[in-house]
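Worksheet: one structure, shown below.
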Amino acid sequence: MLDLLRAQHALVHRYWHDATVQMSDVKNEGVVASSSWGYMVNGLKADNQPVASTIPKEGATGWADTTMLHAEAAHPNCAYKWMDWSLQPKVQGDVAAWFGSLPAVPAACTSSELLGAEGCKTNGVDQFDKIAFWKTPQAEGGKFVPYSRWTQDYIAIMGGR
């Protein structure tokens, strides 16, 4: 995989690790095509930029975000109440509308005025067969690559090494 990334380096304008920098590059640096998230597409559209999004016929990588509760949380009851609130259909739908994602709670697809009646369809609810969910990088033998190694390799690729 690293060899492929090194070979592609010359084709890359910049490796983004900040959504606002990517959006700025589209608006100000002439970037006309890029991988992206719904969040950036929605933000650029809200800024009246002429953008659209699609999933390539080859498919795309996606992931599912999670919320965790610390095993030794100082106020676990409060944390559980927040988690319960965050899973309410309207809240899930509102977050999905803002971020350009799909809610974890299916009922959210019909419970958020902000997301609207077509929001889940717009955000890809019917596109799961085209998504390969992201997996933690693994070394030979199936062992996970330590985050420190992944970071080291990423910085090297960004620097052209």
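The numbers here are math on the coordinates, done by the rules we state, and not lab data. Owing to the predicted nature of the structure, the values given are computational and were not obtained by experimental measurement. In this analysis, Cβ positions are derived from the backbone assuming ideal geometry, glycine residues included, and neighbour counts consider all displayed protein chains.
How much net charge surrounds residue 112 when only the other residues with a Cβ under 10 Å from the Cβ of residue 112 are counted, with Lys and Arg +1 and Asp and Glu -1? Please report the intermediate quantities before stating the final value.
Values: positive: 90; negative: 94, 113.
Counting the neighbours of residue 112, the net charge comes to -1.
The stretch 120-149 and the stretch 28-104 have Cα centres spaced 16 Å apart.
A simple charge model with +1 on the Cβ of Lys and Arg, -1 on the Cβ of Asp and Glu and nothing else charged puts the dipole of the chain at about 260 debye relative to its Cα centre.
By the beta carbon rule, with partners counted only under 4.7 Å, the chain holds these lone Cys residues: 78. Run the Debye formula on the Cα coordinates of the chain, all scatterers equal and no solvent, and tell me log10 I(q)/I(0) at q = 0.08, 0.12, 0.18, 0.19 1/Å. Results for the chain at q = 0.08, 0.12, 0.18, 0.19 Å⁻¹ read -0.33, -0.74, -1.29, -1.32. Test of understanding: in a Gaussian network model of the chain with alpha carbons linked when under 10 Å, which of 78, 109, 120 would top the mean-square fluctuation ranking? Highest fluctuation of the listed residues: 78.
Sorted fewest first by neighbouring Cβ atoms within 10 angstrom, 82, 63 come out as 63, 82.
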